[in-house]
1. How far apart, in nm, are two points set 7 Å out from the Cα along the Cα-to-Cβ line at residue 136 and at residue 101?
2. Using the Cα gyration tensor of the stretch 73-130, with a ≥ b ≥ c the square roots of its eigenvalues, what is the shape: rounded (a/c below 1.5), prolate (a/b larger than b/c) or oblate (neither)?
3. Sort 39, 140 by Cβ crowding within 10 Å, fewest neighbours at the top.
4. What is the fewest-to-most order of 122, 30 by other Cβ atoms lying within 10 Å of their Cβ?
5. Given R₀ = 30 Å, what would the calculated FRET efficiency be for residue 9 paired with residue 47, taking r from the Cβ atoms and rounding to 0.05?
6. Hey, fewest Cβ within 10 Å first, where do 18, 4 land in order?
7. For the ranges 50-56, 127-133, what's the packing order if you count other beta-carbon atoms within 10 Å of each residue, average per peptide, and put the highest first?
Ligand SMILES: [Zn+2]
């Protein structure tokens, strides 16, 4: 799913939302489109607007405690740009560096993108035990990192057919 960057009324980046959610915010007059995808429109029964890439909220909202990007499997794949942490090939799964069976958690620092083969091969072991060193260390993305990663990650095919069509 392609995400839309949400700016506060003060132009400060807040977070990302799904394209569908962004369109709803615009249609409800809660946000305005600051930047649209050049070749993508959102079309439905009563909708035909450029697909928003960046929207800005009409009213300023306070978000004092939003410091961390929430962990998700998809987020890990996007952070690691779908590259396997063990071999560098395309990754489709998320591996726990310290396996869950050994107390490893669902956290940014304990999870990496992995190809299915390496995930299976590493199994219930740490990288040291498996003799599979990490090509790079996992890191905790800032909310800004998460937004930029989401914006740079084009995935038009994931949009529902009825909503997204290329411009004529
Ligand atoms: Zn691999």
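1. According to this spin-label approximation, the distance is 3.0 nm.
2. oblate
3. So the residues, fewest neighbours to most, are 39, 140.
4. Working: 122 21, 30 13.
If I rank by nearby Cβ atoms, fewest first, I get 30, 122.
5. 0.80
6. 18, 4
7. Top of the packing list down: 50-56, 127-133.
We did not get these values from a lab; they are worked out from the coordinates using the rules stated. Since we're looking at a predicted model, the values are computed, not measured. Positions of Cβ are backbone-derived with ideal geometry, glycine not excepted, and every protein chain shown enters the neighbour counts.
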